[in-house]
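Presented below is the structure to which this report refers.
No lab work stands behind these numbers, since they all come straight from the coordinates. Being a predicted model, the structure only gives us computed values, none of them experimental. Here the Cβ positions follow ideal geometry from the backbone for every residue, glycine too, while neighbour counts run over all protein chains shown.
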Amino acid sequence: MKLAVIFPGIGYHTDKPLLYYAKKLAKAYGYEIREVPYGNFPKNVKGSEEKMKESFFSALAQSFEFIEQDGIVFCGTDDPWVKIDVIKKACEERKLPLHITEGADHSLETGKVGKDLENLGSIMEQSEEYIRNLV
């Protein structure tokens, strides 16, 4: 059995574009999809820097500490949830390819629809290449 584990985040469920199409790609390559929500986020996070920081480190501990095989990581430079230097270091330590989208937020969106669609297409191409090379 081939398994794809999808981690939805705060305010970004698996029916939003990035995860929706990632699931479709994985399924097309014969993967069973499992969605695993992060469970330790505090309530009423939006607008609270302290709660955002707590959520960030909670998610970092669940995702990076338990990765035991190859993966692929995407993040945006304008994501208030992500500390790019921490992500870069964690990816380097685990030899995970990191794709950074300039000017993109937590949803990897820039606010410019055309650019966002172009970025989504590129992210899905990179994801498909990664999945194809696993098979």
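Positive contributions from Lys and Arg (+1) and negative ones from Asp and Glu (-1), summed over other residues with Cβ under 14 Å from the Cβ of Ile84, come out at -3.
Annotation for Ile84 and Tyr21: the two label points, set 7 Å from Cα along the Cα-Cβ direction, are 2.2 nm apart. The label-point distance for Val36 and Tyr130, in a model that sets each label 7 Å from Cα toward Cβ, rounds to 1.5 nm. For region 106-135, the residues whose amide N sits under 13 Å from a probe point set 7 Å from the Cα of Tyr29 along the beta carbon direction are 124-135.
Summing Lys and Arg as +1 and Asp and Glu as -1 over all other residues whose Cβ lies under 12 Å from the Cβ of Cys75 gives a net charge of -3.
If R0 is 30 Å, the Cβ-Cβ spacing of Lys2 and Ser122 corresponds to a FRET efficiency of close to 0.80. Seen from Tyr31, the other residues with C-beta closer than 13 Å to its C-beta sum to a net charge of +3, counting Lys and Arg as +1 and Asp and Glu as -1.
Annotation: amide H-H contacts under 5 Å for Glu35 (H modelled 1.01 Å from N, sequence separation of 5 or more, or interchain): Ile6.
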